[in-house]
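Below is one structure, written out as structure tokens; comments come after it.
Nothing in this text is a laboratory measurement; each read-out follows from the coordinates by a stated rule. Here the structure is a predicted model, which is why all the values come from computation and not from measurement.
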Amino acid sequence: MFPTRALLGRSVWKATTCPKTDINLLTQSIATGPNIVPLPLPRKLPPPPNTPPIKTQKRGATILPNFVGLRFSVHNGKNYQDVLITEEMVGRKLGEYVATRKRFTYKQSKNK
């Protein structure tokens with residue numbers, strides 16, 4: 001599976017320069033390209049509405065254009081959370097849409 005033009009055209013894969021030091025800042029090397037992970041995709045696209053989500057623990061997998069409309073269950077370290085892929089998510093990682101940590105809530109003690 002080869003990366004598409006839409007994926008490589010994103011600003012994530014282009015070098016940006018720091019205005020103060022003129023050093024190239026890369027989020028990922030252009031030479032290595034996106035992290036494309038083989039995932040078991042349904043044979044019929046779009047899948048029927050009652051199709052179960054695709055379970056994966058590969059949070060670093062890059063979202064490709066052919067994933068749009070699919071539902072993934074991404075592992076957050078404890079359980080799986082469902083993610084529906086939209087066009088705005090193309091080029092990003094699956095793990096960006098699943099939180100791995102709980103929010104901190106302060107609870108007051110009764111014996112104060």
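Quick rundown of the values:
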quantity: Fully extended contour minus Cα-Cα distance, from Leu39 to Lys58, at 0.36 nm per residue; calculated: 5.9 nm
quantity: Gained length - Met89 relative to Arg103, 0.36 nm times residue gap less alpha-carbon distance; calculated: 2.7 nm
quantity: Volume per residue that the Cα convex hull of segment 21-101 spans, once the total is divided by residue count, Å³; calculated: 123 Å³
quantity: Of Lys58/Lys107; Lys55/Lys107; Lys78/Lys107; Lys55/Lys102, pairs whose Cα-Cα distance is over 27 Å; calculated: Lys58/Lys107; Lys55/Lys107
quantity: 5 angstrom amide H check on Ile54, placed H, neighbours 5+ away; calculated: Arg71, Phe72, Ser73
